[in-house]
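Student: Encoded as structure tokens, here's the structure I'll be asking about.
The values are calculated or read from the model by the stated rules, or taken from the named source; none is laboratory data. Treat the numbers as computed from the prediction; the structure is a model and nothing was measured. Ideal geometry is used to build each Cβ from the backbone, glycine not excepted, and the neighbour counts take in all protein chains shown. The area values use the complete protein model at the heavy-atom level, side chains included, leaving out ligands, DNA and RNA. Shrake-Rupley method; radii C 1.70, N 1.55, O 1.52, S 1.80 Å.
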Amino acid sequence: MTPTIPELADKYLMHTAKRVPVTFVRGRGCLVYDDTGREYLDLVAGIAVNVLGHAHPEVAAAVASQAHALIHASNLYFTQPQVELAQRLVELSFPARVFFGNSGAEANETAIKIARKWGARNRKGAFQIITSIGSFHGRTMATIAAGGQPKYSDPFKPLPDGFVHVPFNDIEAIKAATNEQTVAVMLEPIMGEIGVIPSAPGYLEGVRRWCDEKGLLMILDEVQTGVGRTGRWFAHQHDGITPDVMTLAKGLGGGVPIGAVLAAPRADVLEPGDHGSTFGGNPLACAAALAVLHVVERDGLVGHAAEMGDLLDGALQDLGGQDVRGRGLMRAVQFAEPRAKPFQQACLEAGVLVNAVDDHTVRFVPPLIISPDQIEHAHSTMQGLPR
Ligand SMILES: Cc1ncc(COP(=O)(O)O)c(C=O)c1O
């Protein structure tokens, strides 16, 4: 008998992920199809990646056209899509210069290197970065050390030094942890991976003020919250503040791997030779990202995400959870009982993809193009599931 894809995966892929036993072969918009032809409504979107859904014709055309012209050239040279994308990101956010990598973890590594160099220059070698308990910044050595989840870092000790973890949404804890070795505060505006925990009103503003008062860098990890997901281009725009450094990835390329770091003039310390990436910012990825930003803007998808987010919130209120939280199209339901995994499985069997982040919490991060009808379909499907 021909082995199945899960059987082959078991034999040939490292067992780094507990996968849902379904094999996807194609998608269109918010719908995705498995290898038996079964259709699913996708409320996961590659974990907040496919902002324009699957197989968006303009992204596909931009990638195809760029692939026919120039896929890769190396950062030894200039390419137009990279420069255009940097300009576009700065226009949408704050005055800055941009470095491109290939993932969220790499973007955060870059931010950490910026903080280290900035501290050496401006704060007598200070190097400690204050981060949040429960935060997630990626899977490289520095980013697991930065992240506040020991389950991801403990197996890999010893870890890079210089990260101090404090409770999220507690400005006094940041103040208490600040000393002469502190160089930066690094936060997710909404903690995503741990289960969509939004920053409290006034928290980011308070952190901004504290960073200004003490001469620290404020680094915001917008890898998951960026590119329209929360109903603003970038989540910090809800709070009327500007970070010194912002990292992006996930939604930026609409599924094509790309990461970016924006450093405001005071944090723009990297010089020739300090940092680099073979693939980062290559013309193929940047052409995809330019197409994504163009469509998000032209089709008003940032405002649409805010509106659809309100509808989704209403739908999730009916699921019997003890807490429904989030902003825009980044939401979670937390159940009092350990129902999240059976709920994810029941949704899968009913043709809806959702993401159980732990035993109690289910995350919803659909494409920004989702329609009211699709949210209603998800609503009635989920409500009809056995409790
Ligand atoms: C806030 C945040 N930062 C960083 C990362 C890591 O991104 P990547 O998996 O692209 O390295 C993630 C991924 O889930 C994330 O949610």
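Student: Anything over 20 Å Cα to Cα? Flag those among 124/214; 18/151; 11/341, in the order listed.
Tutor: Over 20 Å Cα-Cα: 11/341.
Student: While we're on this one: Between residue 35 and residue 9, what is the spin-label point distance in nm, taking each point 7 Å from the Cα along the Cα→C-beta axis?
Tutor: Taking the simple label geometry, residue 35 and residue 9 are separated by 0.9 nm.
Student: Sort out for me the Cα centre separation of the range 323-375 from the range 42-61, rounded to whole Å.
Tutor: 18 Å
Student: Right, another one. For residue 84 and residue 380, FRET efficiency with R0 = 41 Å and r from the beta-carbon atoms, rounded to 0.05?
Tutor: Working: r = 43 Å, r/R0 = 1.05.
It comes out at approximately 0.45.
Student: Sticking with this structure for a sec: Helix 283-298 sits at what angle to the longest principal axis of the chain, using alpha carbons and giving 0 to 90 degrees rounded to 10?
Tutor: The angle comes out at about 70 degrees.
Student: In deg cm²/dmol, rounded to 500, what helix-only [θ] at 222 nm does the chain give when every DSSP H run of at least 4 residues adds -39500 (n - 2.57) and the total is split over its residues?
Tutor: So the helix-based figure for the chain works out to -11000 deg cm²/dmol.
Student: Positive end of the dipole of the range 70-298, charges at C-beta (+1 Lys, Arg; -1 Asp, Glu), about the Cα centre: which of 73, 110, 136 has its Cα farthest in that direction?
Tutor: Farthest towards the positive end: 73.
Student: Here's something else I'd like to know. What is the set of long-range amide H partners of residue 101 at a cut-off below 5 Å, with H atoms built 1.01 Å from backbone N?
Tutor: Here the answer is 259, 260, 261, 281, since their amide H atoms fall under 5 Å of that of residue 101.
Student: Additional query: Can you give me the pair-distance distribution of the chain, C-alpha pairs, 10 Å bins, whole percents?
Tutor: 5, 23, 32, 27, 12, 2, 0
Student: Indicate the gyration tensor shape class of the range 1-155 (rounded, prolate or oblate), computed on the Cα atoms with a ≥ b ≥ c the square roots of the eigenvalues: a/c under 1.5 is rounded; otherwise a/b larger than b/c is prolate and the rest oblate.
Tutor: Oblate.
Student: Continuing with this model, one more query. Among 86, 379, 316, whose Cα lies farthest out toward the positive end of the dipole of the chain, if unit charges sit on the beta carbon of Lys, Arg (+1) and Asp, Glu (-1)?
Tutor: 86
Student: Give me the dipole magnitude in Debye, nearest 20, for the chain about the Cα centre, with unit charges on the beta carbon: positive for Lys and Arg, negative for Asp and Glu. Each step should come with its number before you reach the end.
Tutor: Working: 33 positive and 41 negative charges, 155 e Å.
With Lys and Arg at +1 and Asp and Glu at -1, about 740 debye.
Student: What order do you get for 45-56, 150-161, 337-348, 103-114 when each peptide is scored by the mean count of other beta carbon atoms within 10 Å, highest first?
Tutor: The packing order, highest mean first, is 103-114, 45-56, 337-348, 150-161.
Student: Next question, about the same structure. To the nearest 20 debye, what is the magnitude of the charge dipole of the range 109-177 about its Cα centre, counting +1 on the Cβ of each Lys and Arg and -1 on the Cβ of each Asp and Glu? Mind dumping the intermediate values first?
Tutor: Numbers: 10 positive and 5 negative charges, 77 e Å.
Dipole size: approximately 360 debye.
Student: I've got another one for you. What's the ranking of 249-257, 376-384 by average number of surrounding C-beta atoms within 10 Å, highest first?
Tutor: Going by the mean number of other Cβ atoms within 10 Å, highest first, we get 249-257, 376-384.
Student: Given a 1.4 angstrom probe, I'd like the percentage of the accessible area of the chain that is carbon and sulfur, rounded to a whole number.
Tutor: Carbon with sulfur: 55 percent of the solvent-accessible area.
Student: Using the per-residue mean of other Cβ atoms lying within 10 Å as a proxy for protection, in what order, highest first, do the peptides 241-247, 1-7, 306-312 fall? Numbers along the way, then the final one.
Tutor: Numbers: 241-247: 25.6, 1-7: 9.7, 306-312: 19.6.
Taking the mean over residues of other Cβ atoms within 10 Å, the ranking is 241-247, 306-312, 1-7.
Student: Using Cα atoms only, what is the angle between the long axis of helix 340-349 and the major principal axis of the chain, expressed in degrees (0 to 90) to the nearest 10?
Tutor: 50 degrees
Student: Under 10 Å, Cα contacts only: if you run a Gaussian network model on the chain, which one of 22, 261, 362 comes out with the highest mean-square fluctuation?
Tutor: Greatest mean-square fluctuation among the candidates belongs to 22.
Student: For residue 161 and residue 278, calculate 0.36 nm times their separation in residues minus their Cα-Cα distance, and state this gained length in nm to one decimal.
Tutor: Taking residue 161 through residue 278 to full extension adds about 39.5 nm, to one decimal.
Student: Using the Karplus curve 6.51 cos²θ - 1.76 cosθ + 1.60 with θ = phi - 60°, work out ³J(HN,Hα) for each residue of the range 304-320 in order, rounded to whole Hz, and write x for Gly and Pro.
Tutor: Going residue by residue, I get 4, 4, 5, 5, 5, x, 5, 4, 4, 4, x, 5, 6, 4, 8, 8, x Hz, with x marking Gly and Pro.
Student: Which whole-angstrom value gives the distance between the alpha carbon centres of the range 1-21 and the range 261-292?
Tutor: 35 Å
Student: Distance between Cα centroids, the range 140-162 to the range 99-117: provide it in whole Å.
Tutor: After rounding, the separation between the Cα centres reads 16 Å.
Student: Also, quick follow-up: By its C-alpha gyration tensor, with a ≥ b ≥ c as the square roots of the eigenvalues, how is the range 166-296 shaped: rounded for a/c under 1.5, else prolate for a/b larger than b/c, else oblate?
Tutor: Cα axes put the range 166-296 in the oblate bin.
Student: May I ask you to evaluate 6.51 cos²θ - 1.76 cosθ + 1.60, the Karplus curve with θ = phi - 60°, for each residue of the range 57-73 and list the ³J(HN,Hα) values in order in whole Hz, giving x for glycine and proline?
Tutor: Per residue, the Karplus-derived 3J(HN,Hα) values read x, 6, 6, 4, 5, 5, 5, 5, 5, 5, 5, 6, 8, 6, 7, 8, 9 Hz.
Student: If amide H atoms are built 1.01 Å from N in the plane of the peptide, which residues on other chains or at least 5 residues away come under 5 Å of the amide H of residue 356?
Tutor: Close amide H contacts, sequence-distant or interchain: 363.
Student: What is the gain in length, in nm to one decimal, between residue 69 and residue 349 on full extension, counting 0.36 nm per residue of separation less the C-alpha to C-alpha distance?
Tutor: This chain segment gains 96.5 nm when fully extended.
Student: Let me ask something else. May I ask you to give the solvent-accessible area per residue for the chain, in square angstrom, as obtained with a 1.4 angstrom probe?
Tutor: Per-residue accessible area for the chain comes out at 45 Å².
Student: Next question, about the same structure. Which whole-Hz couplings ³J(HN,Hα) result when phi for each residue of the range 22-31 is put into the Karplus expression 6.51 cos²θ - 1.76 cosθ + 1.60, θ = phi - 60°, listed in order with x for Gly and Pro?
Tutor: 9, 10, 8, 10, 6, x, 7, x, 8, 9
Student: Mind checking the full-extension length gain between residue 205 and residue 121? Use 0.36 nm per residue of separation minus the Cα-Cα distance, one decimal, nm. Intermediate values should be presented prior to the final figure.
Tutor: Numbers: separation 84, 0.36 × 84 = 30.24 nm, distance 2.58 nm.
Stretched out fully, the residue 205 to residue 121 stretch lengthens by 27.7 nm.
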